[in-house]
1. How do the pairs read when you match residues in segment 212-234 that are surrounded by fewer than 18 Cβ atoms within 10 Å (Cβ to Cβ) and at pLDDT 70 or above with residues anywhere that are part of a helix (DSSP H, G or I) and of a type in the set (V, I, T), using Cβ under 9 Å and keeping only pairs 6 or more apart or on different chains?
2. Give the residues of segment 16-30 that are surrounded by 18 or more Cβ atoms within 10 Å (Cβ to Cβ) and farther than 23 Å from A251 by Cβ, sorted by residue number.
3. Taking the stated definitions as given, is T169 at negative phi and surrounded by fewer than 22 Cβ atoms within 10 Å (Cβ to Cβ)?
4. Looking only at residues that are of a type outside the set (D, E, K, R), over 15 Å from N189 (Cβ atoms) and modelled with pLDDT of 95 or more in segment 94-112, which one is surrounded by the fewest Cβ atoms within 10 Å (Cβ to Cβ)?
5. Need pairs with beta-carbon distance below 9 Å; first residue without any contact (Cβ under 8 Å) to a residue 40 or more places away in the chain and within segment 245-263, second of a type in the set (D, E, K, R); sequence gap 6+ or separate chains.
6. What residue, among those in segment 31-46 that are in contact with a helix residue (DSSP H, G or I) (Cβ under 8 Å, 6 or more places away or on another chain) and of a type outside the set (G, A, S), is surrounded by the fewest Cβ atoms within 10 Å (Cβ to Cβ)?
7. Would you point out the residue of segment 47-77, among those that are buried (at least 17 other Cβ atoms within 10 Å of the Cβ) and among the charged types (D, E, K, R), that is farthest from G244 (Cα to Cα)?
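The values are calculated or read from the model by the stated rules, or taken from the named source; none is laboratory data. Just so we're clear, the structure is a prediction, and the values are computed from it rather than from any experiment. Positions of Cβ are generated from backbone atoms using ideal geometry, with glycine treated the same way; all protein chains shown enter the neighbour counts.
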Amino acid sequence: MSGQAMIGVIGGSGLYDIEGLEGATWVDVESPWGAPSDQILTGVLDGVAMAFLPRHGRGHVHSPTSVPYRANIDALKRLGVTDVISVSACGSFREAMASGDFVIVDQFVDRTFAREKTFFGAGCVAHVSVAHPTCARLGDACEAAARATGVIVHRGGTYLAMEGPQFSTLAESKMYREAWGCDVIGMTNMPEAKLAREAELCYASVAMITDYDSWHPDHGEVDVTQIIATLTGNAEKARGMVAGLPMLLGAVRDLCPHGCDRALEYAVLTTPDKRDPALVAKLDAVAGRVLA
């Protein structure tokens, strides 16, 4: 079954808009999960509907912990977004994944602890699979679009999501790298990826490398001034990648071959007569397909 595609881009540090949008308009989207990080920029790029949400808000007002992840994902779904591309600044645990490179993330280790991580709960219980938390179809498009701009792209990598806002200690950095086998580290892709799966949205994560965290003997510790300088260059690369996505993904969207858009098919366990009407009402955009 085909339908209209709408690409949603969640921009991280350094990426605050999309260039070249026809009919570009910042719109307010009300969500029962609270206010999103900011208004959402909507428009059309090369014939494909687009939506852009600055994760930290314009002016960078939200810390990684205070980002309203549930409201953000719900608002994108309400707008009609079908595919979410997450762009975020990350540190690298691998010598080969250098500053300025992009990594198409395919796995996560979630070490966050102070965030709401699900739309569901008492009165409507659901369990979705996040064994494969990103969409390979979207990852293919991001890889191709990034390579076309000349960016060095690494396909596949495990993202360690830490709570923050402080950077890692040296001991933590070494543990994540050596004992846990993680490849990049950031503060914002969780619970974002989990919520996107609950909302039946395809999700891809593009990590823009800014530094080597604190494990690297030649770099010592994270330098925020260096990160900001690298972010400027990475943001230009990210804009180039985003500009190439409409041509690769197209305006018509078929069912996801990996089942991302059917993640709730058998996930809701609470029987209809026991569901909390108030919670069900809040889930109208996220899970209305299966709760109707």
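1. Every condition considered, no pair remains.
2. Matches in segment 16-30: Y16 only.
3. Yes.
4. By that ranking, first place goes to A96.
5. Hits for this filter: G259/E265.
6. D46
7. The extreme case among them is R70.
Let's see how each residue does on (1) of a type in the set (S, T, Y); (2) free of Cβ contacts under 8 Å to residues at least 60 places away in the same chain:
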{"residue": "A71", "(1), (2)": "no, yes"}
{"residue": "K77", "(1), (2)": "no, no"}
{"residue": "V81", "(1), (2)": "no, no"}
{"residue": "V87", "(1), (2)": "no, no"}
{"residue": "S99", "(1), (2)": "yes, no"}
{"residue": "R115", "(1), (2)": "no, no"}
{"residue": "C135", "(1), (2)": "no, no"}
